[in-house]
Amino acid sequence: MTLTQAILSTLPGNTYSNLQRADARWTALRQGALTVPEVVTNSSAPLGEPDWDVVIAGGTLGISIGAALARRSWKVAVIERGPLKGREQEWNISRRELEVLVELELLTPAELEQAIATEFNPVRLSFLGGEDIWVRDVLNLGVDPVFLLETLKTRFLASGGTLLERTPFDRATIHPDGVCVQAGETPLKTRLLLDAMGHFSPIARQARCGQTPDAVCVVVGTCARGYAANESGDLLVSFTPLQRQCQYFWEAFPARDGRTTYLFTYLDAHPERPSLEAFFDEYLRLLPDYQAIELAQLTWKRALFGFFPCYRQSPLSAPSDRVLPIGDSSGSQSPLSFGGFGAMLRHLARLDKGIDEALSSDSLSQSDLALLQPYQPNLSVTWLFQRSMSARVNQKLPPDRINTLLIAVFQAMQQAGDDVLKPFLQDVVQFPALAQALLRTSAIDPAIALKILPQVGLPAFLDWTRHYAALGTYSLLNPLGQALLPQIDSLPPKSRYRWHQRLQAWKYGSGGDFHS
């Protein structure tokens, strides 16, 4: 019995069996053995009068947009394959991102404070051979998912929404005038279907046609008691050189019932990549050095593990008429992040207003809905960062290459100040900040481009320059679009909808939505 099996077998909820199931899917992904489902079909026959304006498949992230749309008096149904309830593990986020729930009147200020299980400061960035960098008020809140989802569910139901728990999505048929969603025994006729079923949504998998992900973030960790008191967090820490063709990164946060520690790494889906259980073995091997504690001193509360596929063609555009992927299904977060909660909240107000306008103007064609998940250059430019933080299976790199690179980059961002560093740490890249960081990094290490190019490859570098240029263009278009807003507001409904979404694409695609 491995140490991983011995520890996980003591935890409730069949934790080790769940790890084995996740590992089986990870193996199938690496071997190209995941089947491509066919759950969305088309019919030329009219559907008839719909029962719903919106059906949302997937309640964990879908309940937030469902509650927002229900407050606008749309008829909304949320279907969830099991009971809609949060798990015990806290979700980390920054306060500014969380406050959108108050702005949209989905939480009261008092409820928002009650949803915050832990608050801590500062958080640390540290790389082998470099000096620690400390930042305040970035991903320093731990949100209680149980309370948050229960409160959003209550608000959704009070606004007239319908929640169908233990009702798994089966398939959907697209008609000229609506969508017939088969979930459980009762078909649901709706004008619009939102796919919030996550990274492995059957709708998203069908839309991507079995495409192998361009990168994967593998994450393992635990929450445990026994650590020394520590009210700070680790946001990005690396204390080892490249090992097993993986650069290991760590996070650690105070939690209500202990301390959460993660080990994560960026890699491709090559068949030779290790299993999740092998990564957990590495986590347990290195955790004593990372936290200066013996495993025997810890009381394990729960284990965490998963893998998150990333695609260069993201966000995933609308796959057909009347179907829109949101949250993790759409891949709307950058390849550097492995949680969809922050990305969902960042785009919640935009999606709420945009979907409302799409429904009001009957702009529900594939091309119309594609405007709600547009190209975002500020996310696309981060692919080069992700690529530079990983190594291919057979690539020969100096063991300290990635740490040396990160020391130079984050030292430059620290010198440039919080206006440069903080947005980047919250998955937002802005052109002026990025340009300043690149100039400062080049001054710290003039040969850095020559080091990165062989690692990432010329095609990836050239692709990055295209996104970098687009980021600059969007940064110019964003204020221009805001100046045109009065004229756009006077257009007919369909034209107004389309122009509003273009303006939102420029705003979010340039990082113009970020507020410190």
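Here are the numbers:
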item: Only one of 51, 23 that is open to solvent by less than 30 Å² (accessible area, probe 1.4 Å), acidic (Asp, Glu) and more than 23 Å from residue 427 (Cβ to Cβ); result: 23
item: Residue selected from the stretch 355-372 under the condition open to solvent by less than 10 Å² (accessible area, probe 1.4 Å) and in contact with a strand residue (DSSP E or B) (Cβ under 8 Å, 6 or more places away or on another chain), by the criterion nearest to residue 338 (Cα to Cα); result: 372
item: Looking only at the stretch 134-166, and only at residues there that are aliphatic (A, V, I, L, M) and assigned to a strand (DSSP E or B), the one that is most open to solvent (accessible area, probe 1.4 Å); result: 164
item: Unique match (being under 28 Å from residue 273 (Cα atoms) and not hydroxyl-bearing (Ser, Thr, Tyr)) among 319, 377, 399, 325; result: 399
item: Filtered residue count, the stretch 169-198, keeping only those that are farther than 12 Å from residue 40 by Cα and in contact with a Gly (Cβ under 8 Å, 6 or more places away or on another chain); result: 9
item: Of all residues in the stretch 475-516 being touching a residue at least 24 places away in the same chain (Cβ under 8 Å) and of a type in the set (Phe, Trp, Tyr), the one that is least open to solvent (accessible area, probe 1.4 Å); result: 497
item: Qualifying residue in the stretch 119-131 (condition: under 22 Å from residue 88 (Cβ atoms), under 25 Å from the mean Cα position of the chain (by Cα) and assigned to a loop (DSSP other than H, G, I, E, B)); result: yes
item: Count of the stretch 214-249 residues which are more than 26 Å from the chain's Cα centre (by Cα) and hydrophobic (A, V, I, L, M, F, W, C); result: 2
item: Residue ranges of helices (runs of 4 or more DSSP H) in the stretch 454-516 with at least 2 members closer than 26 Å to residue 99 by Cβ and at pLDDT 95 or above; result: 458-483, 493-509
item: Residues of the stretch 78-110 classified as of a type in the set (D, E, K, R) and either open to solvent by less than 40 Å² (accessible area, probe 1.4 Å) or free of Cβ contacts under 8 Å to residues at least 12 places away in the same chain (or both), total; result: 3
item: The stretch 315-327 residues that are of a type in the set (D, E, K, R), paired with ones that are open to solvent by less than 10 Å² (accessible area, probe 1.4 Å) and not in a strand (DSSP E or B) (beta carbon under 9 Å, 6 or more apart); result: 321/364; 321/369; 322/364; 322/369
item: Unmet requirement for residue 250, which otherwise passes all of (1) in contact with a Cys (Cβ under 9 Å, 6 or more places away or on another chain); (2) part of a strand (DSSP E or B); result: (1)
item: Qualifying positions in the stretch 19-57 - in contact with a Phe, Trp or Tyr (Cβ under 8 Å, 6 or more places away or on another chain) and part of a helix (DSSP H, G or I); result: 19, 22, 25, 26, 29
item: Residue in the stretch 243-251 that is open to solvent by 40 Å² or more (accessible area, probe 1.4 Å) and of a type in the set (S, T, N, Q) present; result: yes
item: The stretch 171-210 - residue that is in a strand (DSSP E or B) and among the charged types (D, E, K, R) and, of those, most open to solvent (accessible area, probe 1.4 Å); result: 171
item: Single condition residue 328 does not satisfy, out of (1) assigned to a loop (DSSP other than H, G, I, E, B); (2) modelled with pLDDT of 90 or more; result: (1)
item: Given (1) open to solvent by 40 Å² or more (accessible area, probe 1.4 Å); (2) touching an Asp or Glu at 6+ places or on another chain (Cβ under 7 Å); (3) of a type in the set (A, V, I, L, M, F, W, C), index of the condition residue 120 fails; result: (1)
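The values are calculated or read from the model by the stated rules, or taken from the named source; none is laboratory data. Everything numeric in this text was worked out from a predicted model, so none of it was measured. So basically every Cβ, Gly included, is an ideal-geometry build from the backbone, and we count neighbours across all protein chains shown. Surface areas here come from the heavy atoms of the whole protein model, side chains and all, with no ligands, DNA or RNA. Shrake-Rupley method; radii C 1.70, N 1.55, O 1.52, S 1.80 Å.
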